[in-house]
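Undergrad: Before we start, here is the structure in question, set down as structure tokens.
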Amino acid sequence: MSILKKNVLRLNRLILFLAITVTILTFANSLYSNYEVQKEQLVLQALEVNRAYASKLSDTTEVFLASSQQQLSYTSSLLSNKMGDEAFLKEEVDRLRLQTNSFNSVVITDDTGIAKAVSPETTGLLGRQLKSVGSLEALEEKRSLISKPFISTIKNLLVFISTPIFDPKNNYVGFVGGTIYLKKPNILSKILGQHYYENGSYIYVVDKQKQILYHPDIDRIGDYVTNNDGIDEIIMSQEGGIVLNNSYGKNMLAGYANIPSTDWIIITQSPLNVTLIPLTGIMEKVILRTMPMVIGVFIFIWFFARAISRPLQLLAEKAKSLDNPEVNEEIEKINSWYAESLSLKKAILSGVKLLHNQIGQLQRDSETDPLTGANNRRAFQVKLKKLVLLEQPFSILSLDIDYFKQVNDNYGHNVGDEVLKQQTQLIHRFCRDGDMVARTGGEEFILLLKDVELNDAYLVAERLRIATEQEVFDTVGHITVSIGVAAWSKNSVSIDEMLSSADKALYEAKGQGRNRCIIATPDITK
């Protein structure tokens, strides 16, 4: 009570509190949604930039490898009839190595793999039979090849590009090959190495076995990628972008593309935290630009809450004095300017009428069987008293469903209830205005027929019995009924005697084998 006396729970304050709370939550949710959207956009943009850049580097590297193969192929065509000219061979290997800096070393061998010319000569391979993985593959395949990375005879991690040499008679006479040392400067390292960024972004190249072929950190070249939760997906895909946790435990945004001729994968990646740095500035601008609107909304809510609560407060005060004869006029003067307060005002003015309607509904409920919707025994008794008081003759059909217990036992009470509902609807087909259908027991019904004599009532009973016998009930199929028929008129038997005679006629119908109608006669009622 003390809280109420302090007006802590006054309606205008509750509305204001609710509105401000919703506004703050909406504002916070808007900021969070904006933050997540901007974050997602930055991440997607960075992934796409990295993917596009990886794809560009992949194309550039592919062009470089194709150009290198083309150089070797041209030299191969020159050597077809010059394999015995040592000076020419020496001149060609030096030209290949020095002309474009595509290769770290160049070698020409005969058909057994013995090096006939080498550049530079410091490799110590001249006159020796080459047994490296790339050389053996070139001798065996006798076609243009780009080898998988391997450790050479002189312990260099390299890739070997080779082209076969055929003499004018198309006899295989050897191959010319160029090596790209993965840990030493060359055109390939320049293509990839010039793209290292100070913000933590960098490029590296791996093969399908996860071996690092290029990395800004030379010491990592030749190692295998481990503890990287995205490398498997990268190797399986040809091109795309992915957020991953790299070998050092950092969240990175990686774009990648495949080099078709070698199945190498170029990966360009940048740190997630660096990518999201602009997000702080973006959110600060959002807050600064939104705050004036938020303050304006708060002020609007303050005044609007007072305007909403005013008519409700006045109606609440008037509701305390409904016994005042002038309260209706006072309530009418209240400016209920919105639908809810207007509805409340109308509800207060029509309160007594609504109460009476509710009482009437309660009375109807008390006279109705809740399962079937038929009248109950109480309503039936009231109807009888009214007809007797008016001295209006009537007949009754006392009806009982035959073997109804078997329906409940065989199909369950739910099916039995549906049978009772359908039977009630069937009985209603034989009603006129002023007649009544009442359920007086479990499977017992009474059909009251106003202004109907006994013989006519019997005919109605027969039609009802036949209609029931022909009716199809769900699950159960067909049922039958037994009916006792009795009538009442002025100066005849009492109501109790008439009801008793109808019951006895019903029992007689059951005793004679059921599924029949019996008229109450003096012999039966004795």
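Bear in mind that the values in this text are calculations on the coordinates, not laboratory data. Quick caveat, the model's predicted, so the values are computed rather than measured. A quick note on method: Cβ atoms are made from the backbone with ideal geometry, for glycine too, and the neighbour counts reach across all protein chains shown.
Undergrad: Test of the criteria: in the stretch 484-517, which trypsin sites (Lys or Arg not before Pro) are in a DSSP loop and have at most 12 other Cβ atoms within 10 angstrom of their Cβ? Numbers along the way, then the final one.
TA: On the way: sites: LYS490, LYS504, LYS510, ARG514, ARG516; in loops: LYS490, ARG514, ARG516.
For trypsin sites (Lys or Arg not before Pro) across the stretch 484-517 that sit outside H, G, I, E and B with at most 12 neighbouring Cβ atoms in 10 Å, the list reads LYS490.
Undergrad: Now for a separate question. Set the bar at 32 Å for Cα to Cα. Now go through LYS184/LYS250; LYS90/LYS190; LYS148/LYS250; LYS90/LYS208; LYS116/LYS148; LYS56/LYS250 and name every pair that lies beyond it. Mind showing how you got there, number by number?
TA: Details: LYS184/LYS250 28 Å; LYS90/LYS190 27 Å; LYS148/LYS250 30 Å; LYS90/LYS208 36 Å; LYS116/LYS148 24 Å; LYS56/LYS250 25 Å.
Result: LYS90/LYS208 exceed 32 Å.
Undergrad: DSSP loop (so not H, G, I, E, B), at most 13 other Cβ within 10 Å: list which trypsin sites (Lys or Arg not before Pro) in the stretch 165-253 pass both filters.
TA: Details: sites: LYS169, LYS183, LYS190, LYS208, LYS210, ARG220, LYS250; in loops: LYS169, LYS183, LYS208, LYS210, LYS250.
Qualifying residues, ordered by number: LYS169, LYS208, LYS250.
Undergrad: Rank the residues HIS428, HIS215 as a footprinting-exposure proxy: fewest other Cβ atoms within 10 Å of their Cβ go first.
TA: On the way: HIS428 14, HIS215 23.
Fewest-to-most ranking of HIS428, HIS215: HIS428, HIS215.
Undergrad: With n ≥ 4 as the cut-off for DSSP H runs, can you work out [θ] at 222 nm for the chain, using -39500 (n - 2.57) per run divided by the number of residues, rounded to the nearest 500?
TA: Working: 17 runs with 265 residues, N = 526.
Only helices count here, giving -16500 deg cm²/dmol.
Undergrad: Please state the relative contact order of the chain as a whole percent: Cα pairs under 8 Å, 6+ residues apart? Can you show the working numbers first?
TA: Details: 828 pairs, mean separation 55.3, N = 526.
Relative contact order here is 11 percent.
Undergrad: Within 13 Å, Cβ to Cβ, of SER492, how many net charges do the neighbouring residues add up to if Lys/Arg are +1 and Asp/Glu are -1?
TA: Neighbourhood net charge equals -3.
Undergrad: Which FRET efficiency value, to the nearest 0.05, do you get for SER237 and THR60 by plugging their Cβ-Cβ distance into 1/(1 + (r/R0)^6) with R0 = 25 Å?
TA: On the way: r = 20 Å, r/R0 = 0.81.
That gives a FRET efficiency of 0.80.
Undergrad: What does the net charge come to around ILE235 if you take all other residues with beta carbon closer than 14 Å to its beta carbon, with K and R at +1 and D and E at -1?
TA: Here the charged neighbours net out to -4.
Undergrad: Moving on. Just checking my list (1) 1.06; (2) 1.47; (3) 1.00 against Rg/Rh (Cα atoms, Kirkwood Rh) computed from this structure; which label fits?
TA: (2)
Undergrad: Taking only Cα atoms, what is the 0 to 90° angle, nearest 10, from helix 277-319's long axis to the longest principal axis of the chain?
TA: Long axis of 277-319 versus the principal axis of the chain: about 10 degrees.
Undergrad: Here's a follow-up. Lysines near LYS285 by alpha-carbon distance under 16 Å, same-chain residues fewer than 8 away left out - which ones?
TA: LYS39
Undergrad: If you don't mind, there's one more thing I want to ask. Using alpha carbon centroids, what distance separates the stretch 261-301 and the stretch 189-259, in Å?
TA: So the separation of the two Cα centres works out to 26 Å.
Undergrad: Under 5 Å between amide hydrogens, which residues at least 5 positions from ALA117 or on another chain qualify, with H placed 1.01 Å from N in the peptide plane?
TA: ILE108
Undergrad: Which shape class, rounded, prolate or oblate, goes with the stretch 362-525 when its Cα gyration tensor gives a ≥ b ≥ c as root eigenvalues, a/c under 1.5 marks rounded, and past that a/b bigger than b/c marks prolate? Numbers along the way, then the final one.
TA: On the way: a/c = 1.92, a/b = 1.32, b/c = 1.46.
Taking the square roots of the gyration eigenvalues as a ≥ b ≥ c, the stretch 362-525 is oblate.
Undergrad: Calculate how steeply helix 339-349 sits against the longest principal axis of the alpha-carbon atoms of the chain, using the helix alpha-carbon long axis, and give the answer as 0 to 90 degrees to the nearest 10.
TA: 20
Undergrad: Another question, then. Given the stretch 362-525, what count of lysine pairs have C-alpha atoms under 18 Å apart, with each pair 8 or more places apart or on different chains?
TA: 9
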